[in-house]
Amino acid sequence: MARRYQVCSDYASALEHARARNPDLIVAAVGYPEDLGFVAAIRDDPATQFTPLVALTAVASEPADQLSLYDNGADAALLKPIKTEALRA
């Protein structure tokens with residue numbers, strides 16, 4: 001099965017791409033607190049509100065930080081550095 005992906009350099013282009021392409025999955029590097037707006041924007045947009053979103057983060061080592069990601073709409077949070085096996089699961 002061939003997989004296609006798009007790398008975006010910023011959240012504005014990522015949101016625009018997600019709206020236009022309706023991806024099966026969004027994987028985003030998310031820091032705090034400024035990047036939580038992107039997660040919330042994905043959930044607030046009718047075109048992407050049901051698209052699974054995986055947040056890759058270096059700052060969510062505490063349970064409260066991970067809950068903040070989930071509260072803003074992330075479906076999963078993976079702590080950097082990411083092991084390839086974790087993305088495949």
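Summary table
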read-out	value
Options [x] 65, 35, 23; [y] 112, 38, 12; [z] 34, 30, 22 - which one matches Cα extents along the principal axes in Å as calculated here	[z]
In the chain, chymotrypsin sites (Phe, Trp or Tyr not before Pro) in a DSSP loop with at most 15 other beta-carbon atoms within 10 Å	TYR5, PHE50
Amide H within-cut-off set for LEU78, under 5 Å, with H built and near neighbours excluded	ALA55, LEU56, THR57
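Each reported figure results from applying straightforward, stated rules to the coordinates on display, with no laboratory input. Fair warning: this is a prediction, and the values are worked out from it, not measured in the lab. Neighbour counts are summed over all protein chains in view; Cβ atoms, including those assigned to glycine, are modelled from backbone coordinates with ideal geometry.
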